[in-house]
Amino acid sequence: MTPIELRAWAGLNAALKARGFAFAQTRRGVTRYRGVIASGKTSVAIGLCISDPLLTRPPKVYIEDPAVRRRLSAHLNSDESLCFSEAEVEEYDPYNAGGAILRVLESARETLDQILHASTLADRRREFVSYWNPDTYLYTDLPPGFSGPARSCSWNVAGGRDSLVITTPDRARLWSRDKPGQQQRAYVLRADRPFDIRLGGGPGKSLASLKAWTALFVDSPQALADAFAPTLVDKGVIVLAAENGVVSASFKWPEFARIAYAKAPAARRARPISHAEDQMTLNRGLADSVALADLVNGRLDAPSPLIGKAVAVVGAGAIGSRVCLELARSGAGQASRPMLVIDHETFSTANFGRHVLPIACVRLAKATALADEIRRLHPDLLVEGIVGDVFSVVSRLQAYDLVIDATGSTPVGLRLNDLAVTLRQQGESFPSVIHAAIHGNGLAAQTILVTGPPHACLKCLRPVHGELKANPLKAGVTTAYQSATCGDGAHINYAAPAPMLAAALVVQAALEWARSPAAPGPRIRTRVLDLEQTAPAKDRNWPAEPFCPACQAPQT
């Protein structure tokens, strides 16, 4: 045991004994203490299990009173430990283990206070899914507010396990493309009020009790009849959806009912079900949404502003490949606005070290191979790869909201800049452009957003050859070029962190632009990987140059 662990155990033991806890046992690397937490006028006996004195693995709190444990059933983890509020977010100090364990007890007490004494109808509704106590898990891909007939698709996920995805009939083919014959009936029954597990005795454990409980929240008798139709009770899945949760139900039949159902004519199959409703065992399922918008917004405080925006990425190399994947995860490429990926090169072995494509894509066109890789993220992503020159698809670009120049090529960037400026001055539309670059041999990354006057265009920032106004490199620091074989030209050596940093900067600039196109924040952003050889200026908006040959010269 290390000195810091010995010191931590001493602090834990002293703090717990001072709170009246007593050592119980140590078994298989887990040390258990027993004590009492006062919650209001209730004294709750708990077991505190510590597997790591430094608390890199949070301790577990077990409720030892069976009566109290039943009241907390919805707030217990799968191992019966209490789900207390700070278990995964508290930054415990391993040098003050005694103080850390006291914060654990305080957090557990606050959780008990809320559950045992301050729980309200709103709390119960908000935590309905926890009270549902699911037996199985499935997924949904449904539009907001959807109700009615659906399909249950067998979907193969990591590990070779088949999971069910409940989706609309027209979208079922996206999820069961490889298994078209493995679709089953489903029905999404949308409640008119939030579910409350305690009303009407709860959903119970049978088809009869579930139907009676569900009727408390659904006003339409026809919807209830459709949801619990014989074909759905037989082999289908019923999805119960409300504003406070989405769960599912299926049923296990007694043998006599199954035989009677199989022998009955189709028009009379409801009768064997009605005779066996009390004996049909409810299987509760929890539904997680895999709808693309829900996945993108899952950990955000507001919907992603990139959803619904059409984004084109020019260059599918070290920067562009990462940009495309992260843009897809951030909301681009959905809502009928495909992402466009443009590149004329093929993927080579030399690209592997700083690219996202696998070795299996060697000698394939970067644009189409990357488009395929993006589509693997989610079947609903819309992306098109174009193998060719960006200037051959200018009319396509004009219909987009944002263009990202991830080529890292100054000539391509300046020509794209001139095209954008010229079209705007002629009264035609052209989207905003984010130019991405890596400076030095991976020393710094930079993005330049060009939106039009009165702000600087790319040429304003590059007034003469070799000069960059926002250059983050210190004076005298140059870029080293490596000669390559004939036909491949020279290349610049740098490792993967540089394009990773550049891609992150691009996505941040794109998100802020999408959130507020008129005020997207600093148009010039710079981040460095080497503080010794760089001196980056603050992020800022540069004004247009009065004599810029690109954006100020009269067009003829």
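The values are calculated or read from the model by the stated rules, or taken from the named source; none is laboratory data. Quick caveat, the model's predicted, so the values are computed rather than measured. Using ideal geometry, Cβ is built from the backbone for each residue, glycine included, and neighbour counts are taken over all protein chains shown. Accessible surface areas use protein heavy atoms only, side chains included; no ligands, DNA or RNA. Shrake-Rupley method; radii C 1.70, N 1.55, O 1.52, S 1.80 Å.
A few remarks follow.
- Single residue of R329, R299 found to be under 13 Å from the mean Cα position of the chain (by Cα), open to solvent by 10 Å² or more (accessible area, probe 1.4 Å) and in contact (Cβ under 8 Å) with a residue 12 or more places away in the chain: R329
- Against the list (1) within 35 Å of the chain's Cα centre (by Cα); (2) of a type outside the set (D, E, K, R); (3) crowded, with 20+ Cβ neighbours inside 10 Å, the condition L461 fails is (1).
- I101 being open to solvent by less than 60 Å² (accessible area, probe 1.4 Å) and either outside any helix (DSSP H, G or I) or of a type in the set (K, R) (or both): no
- Hits in the stretch 351-367 - residues which are surrounded by fewer than 19 Cβ atoms within 10 Å (Cβ to Cβ) and either closer than 27 Å to A399 by Cα or in contact (Cβ under 8 Å) with a residue 60 or more places away in the chain (or both): G353
- S432 passes every criterion in (1) of a type outside the set (D, E); (2) open to solvent by 30 Å² or more (accessible area, probe 1.4 Å); (3) on the phi < 0 side of the Ramachandran plot apart from (2).
- N471 vs. criteria modelled with pLDDT of 90 or more and buried (at least 19 other Cβ atoms within 10 Å of the Cβ): yes
- Subset of the stretch 309-326 (residues that are within 17 Å of the chain's Cα centre (by Cα) and either surrounded by fewer than 21 Cβ atoms within 10 Å (Cβ to Cβ) or in a strand (DSSP E or B) (or both)): L325, E326
Per-residue answers, yes or no, for (1) under 30 Å from T56 (Cβ atoms); (2) open to solvent by less than 50 Å² (accessible area, probe 1.4 Å); (3) among the hydroxyl-bearing types (S, T, Y); (4) modelled with pLDDT of 85 or more:
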position	(1), (2), (3), (4)
E80	yes, no, no, yes
A108	yes, yes, no, yes
R125	no, no, no, no
Y131	no, yes, yes, no
D135	no, no, no, yes
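- For the stretch 494-510, the tally of residues that are part of a helix (DSSP H, G or I) and surrounded by fewer than 20 Cβ atoms within 10 Å (Cβ to Cβ) stands at 4.
- Any hit, the stretch 281-302, residues being more than 25 Å from H435 (Cβ to Cβ) and of a type in the set (S, T, Y): yes
- Against the test of being out of contact with any Pro (no Cβ under 7 Å at 6 or more places or on another chain) and part of a loop (DSSP other than H, G, I, E, B), the options G466, G413 yield a single qualifying residue, G466.
- Conditions (1) among the hydrophobic types (A, V, I, L, M, F, W, C); (2) touching a residue at least 40 places away in the same chain (Cβ under 8 Å); (3) crowded, with 18+ Cβ neighbours inside 10 Å; number of the one not met by F84: (2)
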